[in-house]
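One structure below.
Every number in this text was worked out from the coordinates using simple rules, so none of it is lab data. Here the structure is a predicted model, which is why all the values come from computation and not from measurement. Backbone-built Cβ (ideal geometry, glycine too); neighbour counts: all protein chains shown.
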């Protein structure tokens, strides 16, 4: 019962991930084209997520903090689901 509940909460939480990741990647790569969502660039994105590559850009800082929070909750929900199965 709790597994099903956690699974659906995790799925519902993951629905907007594509939008949030797209917004963050557009700021990090300074590209507004749709193809940024399908390119497999990760190094600069990880530097932008865990570092501070644009310290004078308040939009980047706000999106970075929000995306970090979102991913933290996503990982906690996913770990809770997988740990509750065992």
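Over the chain, the reciprocal of the mean inverse Cα-Cα separation, the Kirkwood hydrodynamic radius, stands at 14.2 Å.
Across the range 14-86, Cα pairs under 8 Å and at least six residues apart give a relative contact order of 30 percent. Residues of the range 21-36 falling in the label zone of residue 61, defined by backbone nitrogen less than 19 Å from a point 7 Å along Cα to beta-carbon, are 24-25, 27-30. Counting 0.36 nm for each residue step from residue 82 to residue 26 and taking away their Cα separation leaves a gain of 17.0 nm.
Judged by the mean number of other Cβ atoms found within 10 Å, the most tightly packed of the peptides 61-74, 10-23 leads the ranking 61-74, 10-23.
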